[in-house]
1. Restricting the search to region 64-85, which residues are within 17 Å of the chain's Cα centre (by Cα) and crowded, with 24+ Cβ neighbours inside 10 Å?
2. Identify, from the list Glu58, Glu34, the residue that is under 22 Å from Gln238 (Cα atoms) and acidic (Asp, Glu).
3. How about region 259-268: which of its residues are open to solvent by 50 Å² or more (accessible area, probe 1.4 Å) and either of a type in the set (Ser, Thr, Tyr) or away from the ligand (no atom under 14 Å from the Cβ) (or both)?
4. Taking only region 130-169 into account, find how many residues are assigned to a helix (DSSP H, G or I) and either farther than 21 Å from Ala83 by Cβ or in contact (Cβ under 8 Å) with a residue 24 or more places away in the chain (or both).
5. Among the candidates Ile132, Ile93, single out the residue that is among the β-branched types (Val, Ile, Thr) and over 24 Å from Asp45 (Cβ atoms).
6. Sort out which residues of region 170-185 are crowded, with 20+ Cβ neighbours inside 10 Å and either assigned to a helix (DSSP H, G or I) or within 16 Å of the ligand (Cβ to nearest atom) (or both), and write them in order of number.
7. Run Gln256 past the list (1) within 13 Å of the ligand (Cβ to nearest atom); (2) in contact with a strand residue (DSSP E or B) (Cβ under 6 Å, 6 or more places away or on another chain) and report the number of the one that doesn't hold.
8. Of all residues in region 115-139, which are more than 16 Å from the ligand (Cβ to nearest atom) and of a type outside the set (D, E, K, R)?
Amino acid sequence: MPDLNEVFRLDGKVAVVTGAASGIGRSVAEVLAEAGARVVLGDLDAAGAEAVAKAIREAGGEALAQGCNVAVRDEVDALVARASKDFGGLDVICNVAGVPADGPLESLSDEEVDRVVAINVKGTLYGCQAAIPAMAARGGGSIINVSSGAIDLPVAGYGLYSITKAAVAQLTHSLAQEVGDRGIRVNALAPGATITAFTKRRLERDADGNVDAASLEQFVGSMESMSPLGRVGEAVDQAWLVLFLASEASRFCTGQIWRSNGGATTGR
Ligand SMILES: NC(=O)c1ccc[n+]([C@@H]2O[C@H](COP(=O)([O-])OP(=O)(O)OC[C@H]3O[C@@H](n4cnc5c(N)ncnc54)[C@H](O)[C@@H]3O)[C@@H](O)[C@H]2O)c1
């Protein structure tokens, strides 16, 4: 029986995290590094990703960063190749990068559909495709995608986003069937409201761009009221679930959507 403290550790493992400059991706990179993984951080915001990598290194971890637009296959391939080149392989990929999309379905333009599908769906697929051969070469690995609670709770004006995150959930279900024979597990988070730049985007701001405290409090209150626990998510709540899914502790888990949402979709 493995030691319980070892089961959740990632010493000797290499992980790629996209969307790592901010919010959930940042917290995932920090937690995986704290658990002993060497982490490669990718983000459209290259400077932001480097700042997170630097903070991880200063805390004693091993991390490097690379600019990456997940909507461009070559850039995702290059991110995974960096993990192999600098850290010797790949064991975990967490495809976190994603964008919101606001507006009613009936008036969506082709350009907006293409933009959001390219990042949220194709970007996730590219991450999975790049990871498979690298993981298979090491006898297995863990792919963790990021869907959303929006797949369970339809909200008017948020349909395109929900469509792309439902696609991520189905990608996860289907891919798990195809790569299990190579020891690769594929799971997805479906986070509920988690306080990040993403969720704060529609809040009122002052002239300096700071979020208005009263509107943040009102927003947090409305999100808390959706959860039987009476709480809203923090980025680290998602990162701890990612740690479980990345580690040996979840070795019997694949093809699942993990609804990390404070119970917001239960009892409805
Ligand atoms: N925060 C929530 O409540 C919530 C809920 C459900 C799902 N999610 C999902 O979690 C993921 C992370 O969201 P977050 O809340 O941390 O948001 P965030 O805005 O704080 O972080 C998103 C990061 O992705 C990066 N990014 C955006 N487009 C990119 C691209 N094309 N290529 C590479 N990087 C890109 C951004 O630069 C940013 O660093 C997203 O996929 C989002 O859909 C978030």
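1. Ala65, Cys68, Val70, Val76, Leu79, Val80
2. It is Glu34.
3. Correct list: Thr266, Gly267, Arg268.
4. Total meeting the criteria: 20.
5. The match here is Ile132.
6. Answer for region 170-185, where residues must be crowded, with 20+ Cβ neighbours inside 10 Å and either assigned to a helix (DSSP H, G or I) or within 16 Å of the ligand (Cβ to nearest atom) (or both): Leu171, Thr172, Leu175, Val179.
7. Tallying (1) within 13 Å of the ligand (Cβ to nearest atom); (2) in contact with a strand residue (DSSP E or B) (Cβ under 6 Å, 6 or more places away or on another chain), Gln256 fails exactly one: (1).
8. The answer is Ile132, Pro133, Ala134, Met135, Ala136, Ala137, Gly139.
The values are calculated or read from the model by the stated rules, or taken from the named source; none is laboratory data. Since we're looking at a predicted model, the values are computed, not measured. Here Cβ is always computed from backbone atoms with ideal geometry, including for glycine, and neighbour counts include all displayed protein chains. Ligands, DNA and RNA are stripped out before the accessible areas are found, and what is left, the full protein with its side chains, is counted by its heavy atoms. Shrake-Rupley method; radii C 1.70, N 1.55, O 1.52, S 1.80 Å.
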